[in-house]
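Down below is the structure, laid out as structure tokens.
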Amino acid sequence: MRKPLRILSLEDDPRDTDLIQELLTTEEVPCELTRVDTQAAFSASLQRGGFDLILADYSLPSFDGLSALKLAMQISPDVPFIFVSGTLGEEVAIEALKIGATDYVLKTHLSRLVPSVLRALREATERAERKRAEESLRQSEAYLAEAQRLSRTGSFGWNVSSGEIFWSDETFRIFDLDPLTKPTVQLVLERAHPEDREFVARTTERAAAEGSGFDFEHRLRMPDGSVKTVRVVGRPSTNGELGGLLFVGAVTDITERRRSEEALRRSESCLTEAQRLTHSGSWIWQVAGRDPLYLSEEWYRIYARLGETAATRSSRGSRQVASSH
């Protein structure tokens with residue numbers, strides 16, 4: 001069974017409301033009408049909400065239809081609004097449609113009411129579905145933007161034929177460029193570190209010529225003189241709508257990772273040198289295991305010297321025994 005249509009009727013004549021309800025019911029459009037005839041009651045009903053449709057007379061003793069329409073647009077803009085009136089001039093009708101009315105039906109031509117109602121409900125459903133889809137898309141884009149920000153990974157698209165390049169917000173942030181800037185291959189090369197510029201140009205030119213993917217690292221020289229290291233990964237994709245060769249990919253700021261790796265290498269180098277100078281080795285051994293998890297280079301050198309010393313002593317003892325005989 002179809003759920004009754006909840007209609008707010010702004011009408012000062014109860015007989016007209018009853019006639020409308022009877023007409024809709026006859027046309028198999030079950031409905032529940034709530035009639036109001038004052039601005040206060042109309043506003044209160046809108047505030048409570050829960051209506052699928054608004055049907056309003058244009059001329060009431062203390063309230064006019066355009067004022068009602070403007071109020072409805074403020075409080076319940078997604079609810080279809082149809083004028084059902086006996087007096088509605090062409091100029092007023094056009095003004096009403098501009099403000100946001102869905103349609104208007106003259107009381108002398110109520111045969112148009114049911115088709116008008118069905119069309120208004122269909123359009124409202126389509127708008128609601130489109131709004132939900134747009135909201136879902138906005139949320140997805142927001143999640144993606146946040147994920148890119150946290151991972152310091154931006155995305156890009158490059159149409160080789162047209163030269164057009166698309167960057168995500170995070171890519172603009174990595175390159176330290178305003179999002180209104182038009183990205184180009186030349187701009188990328190200008191931002192590349194002077195020592196890496198030829199390598200970047202050669203790599204991108206080869207990818208464009210061969211239609212092959214790429215995965216490489218290079219440095220960026222920022223406007224303040226600082227240096228970033230980025231990893232760029234791209235894969236070719238043929239897009240029928242755009243035509244030609246299209247690359248899609250990601251650029252990741254790996255500056256901190258490279259700094260951490262370099263700091264770790266320096267730390268390990270210092271530890272190795274300190275152990276060499278102090279003749280101290282280090283080791284890690286898991287109690288439950290038989291084999292060590294880690295033995296430092298100095299550990300091996302120490303035990304190598306101990307082994308040589310033991311062998312030397314053994315050789316010297318053998319020579320002494322031989323000479324005594």
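General observations
- Extension gain from Glu129 to Lys107, taking 0.36 nm per residue of separation minus the Cα-Cα distance: 4.7 nm
- Alpha-carbon Rg with Dmax, taken over the stretch 5-130, Å: 13.2, 39
- The chain, relative contact order in percent, only Cα pairs under 8 angstrom and at least six apart counted: 9 percent
- Debye-sum result for the stretch 157-253 in log10 I(q)/I(0), which assumes one identical scatterer on each alpha carbon, at q = 0.25 Å⁻¹: -1.55
- Summed over all non-identical Cα pairs, the Kirkwood treatment of the stretch 78-237 gives a radius of 20.6 Å.
- Applying the Karplus relation 6.51 cos²θ - 1.76 cosθ + 1.60 with θ = phi - 60° to the stretch 248-265 yields 3J(HN,Hα) values of 10, x, 9, 10, 10, 7, 10, 4, 5, 4, 5, 5, 5, 5, 5, 5, 5, 5 Hz, where x marks Gly and Pro.
- For the chain, built as a Gaussian network whose Cα springs stay under 10 Å, the top-fluctuating residue of Glu90, Glu210, Glu256: Glu90
- When the chain is treated as a Gaussian network with alpha carbon springs shorter than 10 Å, the biggest mean-square fluctuation among Ala142, Ala304, Ala133 belongs to Ala304.
- Here the simple spin-label model places points 7 Å from the Cα toward Cβ, and for Ser161 and Ser269 these points are separated by 5.1 nm.
- 3J(HN,Hα) along the stretch 16-23: 5, 5, 4, 5, 5, 5, 5, 5 Hz, from the Karplus curve 6.51 cos²θ - 1.76 cosθ + 1.60 with θ = phi - 60°, whole Hz, x for Gly and Pro.
- Gain on full stretching of the segment that runs from Ser136 to Thr25 - 0.36 nm per residue minus C-alpha separation: 36.3 nm
- Tail beyond 29 Å, pair distance distribution of the chain (Cα, percent): 66 percent
- Over the chain, dividing the summed -39,500 (n - 2.57) contributions of all DSSP H runs of at least 4 residues by the number of residues returns a 222 nm mean residue ellipticity of -16500 deg cm²/dmol.
- Nitroxide proxy distance, nm - points 7 Å out along Cα→Cβ at Arg235 and Ser67: 6.3 nm
- Nitroxide proxy distance, nm - points 7 Å out along Cα→Cβ at Glu256 and Ala40: 6.1 nm
- Of all the options Glu11, Glu164, Glu91, the one that moves most in a Gaussian network model of the chain with Cα springs shorter than 10 angstrom is Glu91.
We did not get these values from a lab; they are worked out from the coordinates using the rules stated. Model, not experiment: these values are computed from the prediction. With ideal geometry, Cβ positions are generated from the backbone for all residues, glycine too; neighbour counts draw on all protein chains shown.
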